[in-house]
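The values are calculated or read from the model by the stated rules, or taken from the named source; none is laboratory data. As the structure is a computational prediction, the values presented were derived from the model and not from experiment. As a convention, Cβ positions derive from the backbone with ideal geometry for all residues, glycine included, and neighbour counts pool all protein chains shown. For the accessible areas, the whole protein counts, side chains as well, though only heavy atoms, and no ligand, DNA or RNA atoms are used. Shrake-Rupley method; radii C 1.70, N 1.55, O 1.52, S 1.80 Å.
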Amino acid sequence: MSNNKEKLFDEFQSPTTQEWLDKIQVDLKGADFNKKLVWRTNEGFNVQPFYRREDVLKLKTPEALPGEFPFVRGTKKNSNAWYVRQDIKADDAAAANAKALDVLNKGVDSLGFRIPGKAVSPEFIATLLKDIECECIELNFRTCQGHTLELVEILKDYFEKNGCDKIRIVGSIDFDPIQKLVMKGKDVTALLDETAKIVEALKDYPHFRCVAVNSEALNNAGAYIVQELGYALAWGNEYMQMMTEAGIDADMAASKIKFNMGVSENYFMELAKFRAARMLWAQIVKQYEPKNDNSCMMIVNATTSKYNQTVFDSYVNLLRSQTEAMSAALAGINSMVVVPFDAAYEQPNDFSERIARNQQLLLKEECHFGEVVDPGAGSYYIEHLTDSLAQEAWKIFLQVEEDGGFLAAAKEGKIQDVINETNVKRHADAAKRKEFILGTNQFPNFTEKSEGKKGLQCNCCCSEEEAPFKAVKSTRLAADFEDLRIHTENTKVPVAFMLTIGNLAMRQARAQFSCNFLACAGYKVIDNLGFKTVEEGVDAALEAGADIVVICSSDDEYAEYAIPAFKYLNGRAMFVVAGAPACMEDLKAAGIENFVHVRCNVLETLKEYNAKLGI
């Protein structure tokens, strides 16, 4: 058998990279290879259309082993298991406890409690954790930063009174004053002095972390993947430096930091991000000369993105969060939160929370993602992405360090400026459909109504006083389109009629494009099979009560049909040409001013049409 195999492979010659390129160039028929097939990412590097073994031979990532420094291949050697986490708003201790006990019987093995600062007390914690086996699950807590130290002492007392084994307590307390400064501009730097006290209080709990790097906030503000990665590393390094300067040894300091990172819809790039993050963090911690290499291990909780969630066609959010969850699981994270699909417009209900849990359980129990260690290892593409992301993120990290460190850069507003600029650019790209939002700016559901739904605003415990530092200002990517559509729905829904005429293929294609275009603002669209004359089409449009008549034909035929249709309509409705024909200037000279085509800014065009229609 082996001889036959050897002969079989001998019969085939392995083509060289140049031979592949030559073949591709023939198929491109003279088109530019770089423009057609090379992807320039938002992360600052190019992605080739194919990779070969020779492309990764020079990389170090494939040489690493799972569970060993620098942990690029994960923190575990024998499995890829992660904690299935559900976050619970704990305003009422008894109600939160009942919910926690319920979800623990439904597949969850990690709880995240968000506790109001004023509620922190021994009685509250005793009620909250009643009948919960603290040694058997992961426990995570978050409260107002000023009450974190108090919460730490209360939890310590609770664990000790209940005879808990300190080694078996796994989880975290989310102490991250820097997040408040970055996201809200609040000066909470005085609280940083409590970091050493919190670490000291939990020094005997080796698996309970208490200093958080909440870079998921940047993800939810629109940061590109490489920006979240680079800033997360600098953020973590700020805390490492702060703790070691306070006299905490490197091993203890590193073992108390937990990264809470977001995960967006870019499937392979997000998978590579977590691999690159572990590798770079290990190198950073190594510079502090810890005694144990395991101290260089990055512990990550991944949360699916809210930035790309939509109010309209909200079940598409399930597709988004499922691919995001797959990226995180395959990348080897330690725990994960899947955000319910309705979180953009309401407090998640029992149904949406159940679906969110089951999204993880499906990957873990049915797809067996928890059984295979680092399934992306050896993939030429993923290894390349890991290395490229690491290089670009390292540039950001070094720039932040050159600016004096993450805290200094945040005080100067440099971090906030970059994230805000990125958010503005992404909104502009969405307006032009350079960035697709399925169901919102591309292929919207024509008949869907908001039914009172609207995007939720942040309800946090921040005071109303003016912030001394710059803040990150962000809205979900779909918010601009949603606001426009809801406004249209609540004011007047215009009727857009497709006057299809001429070439069958072109009129159908342009009618479909125009329907999708105008439905993004909630317009009622009426498509048609075609008309023999423009007069027949205009009469049908007016009979249907059209506010907009869109002529759909081929470029060549617009010279014949567009002006007669415009004149026959005679201002009785808005007239729009679907496309950007060569005769556009002639049409404009005749008084036609509205055109929809792929180069349009969809959002601004629709706002302009609303204004013309008095909406």
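So here's what we get for this one:
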quantity	calculated
Efficiency of FRET from Cβ geometry, residue 26 and residue 456, R₀ 41 Å, rounded to 0.05	0.15
Whether segment 327-473 is rounded, prolate or oblate, judged on the alpha carbon gyration tensor where a/c under 1.5 counts as rounded	oblate
For segment 326-414: rounded, prolate or oblate by the Cα gyration tensor [a/c cutoff 1.5]	oblate
Accessible solvent surface per residue of the chain, calculated while the other protein chains remain in place, 1.4 angstrom probe, Å²	45
Cα Rg over Rh - segment 115-270, Kirkwood	0.98
Rounded to whole Hz, the Karplus (6.51, -1.76, 1.60) HN-Hα couplings of segment 554-563, x for glycine and proline	8, 4, 5, 7, 4, 4, 8, 9, 5, 5
For peptides 296-302, 310-316, 411-417, sequence by mean Cβ density within 10 Å, most packed first	296-302, 310-316, 411-417
FRET E, pair residue 366, residue 529, Förster distance 56 Å, beta-carbon r, rounded to 0.05	0.80
Residue-level accessible surface for residue 346, protein heavy atoms, 1.4 Å, Å²	70
Percent RCO, i.e. relative contact order, over segment 83-209, from Cα pairs under 8 Å lying at least 6 residues apart	23
Structure-based [θ]222 nm, the chain - -39500 (n - 2.57) summed over DSSP H runs of at least 4, per residue, nearest 500	-13500 deg cm²/dmol
Cβ-based charge dipole, segment 124-268, positive-most Cα from 185, 148, 255	185
Identified option (computed volume of the Cα convex hull per residue in Å³; candidates (1) 180; (2) 205; (3) 170)	(2)
Sequence-distant residues sharing a close amide H with residue 143 (under 5 Å, placed H)	115, 174
Local electrostatic count, residue 532, Cβ distance below 15 Å [Lys/Arg +1, Asp/Glu -1]	-4
In degrees, nearest ten, helix 504-519 long axis to first principal axis of the chain (Cα)	50
Pairwise centroid distance, computed over Cα atoms, of segment 523-550 with segment 323-353, Å	44
Lys, Arg +1 and Asp, Glu -1 on Cβ, resulting dipole of the chain about Cα centre, debye, nearest 20	340
Gyration tensor verdict on segment 73-162 (Cα atoms; rounded if a/c is under 1.5, prolate if a/b is larger than b/c, oblate otherwise)	prolate
The chain: relative contact order as a whole-number percent, Cα under 8 Å and 6+ apart	13
Projected area, mean over directions - segment 194-304, Cα convex hull, nm²	6.6
Calculated on alpha-carbon atoms, Rg and Dmax of segment 529-598 in Å	11.1, 31
Calculated from backbone phi, Karplus (6.51, -1.76, 1.60) coupling profile of segment 406-411 in Hz, x at Gly/Pro	5, 5, 5, 5, 5, 5
Cross-link pairs beyond the 18 Å C-alpha cut-off, checked among 306/524; 306/473; 106/364	306/524
Principal axis box of segment 408-511, alpha-carbon based, largest edge first, Å	64, 29, 18
Within segment 168-311: Cβ-based charge dipole about Cα centre, in debye rounded to nearest 20 (Lys, Arg +1; Asp, Glu -1)	320
Convex hull volume per residue for segment 472-611, taking Cα atoms only, in Å³	114
Using distinct alpha-carbon pairs, which all enter the 1/r mean, Kirkwood radius of segment 135-215 in Å	13.2
For the chain, with +1 on Lys and Arg beta carbons and -1 on Asp and Glu, the positive-most of 246, 56, 436 along the dipole	436
Unit charges on C-beta of K, R, D, E only; dipole of segment 1-143, Debye	360
Angle between the chain longest axis and helix 225-245 axis [Cα atoms, degrees, rounded to 10]	20
Environment charge of residue 244, counting only residues whose C-beta is closer than 12 Å and scoring Lys/Arg +1, Asp/Glu -1	-4
Semi-axis lengths, Å, segment 36-94, gyration tensor of Cα atoms, sqrt of 5 times eigenvalues	37, 22, 9
Segment 1-142: equivalent-ellipsoid semi-axes (sqrt of 5 x gyration tensor eigenvalues, Cα, Å)	55, 23, 14
Carbon/sulfur fraction of accessible area - the chain, other protein chains in place, 1.4 Å, %	51
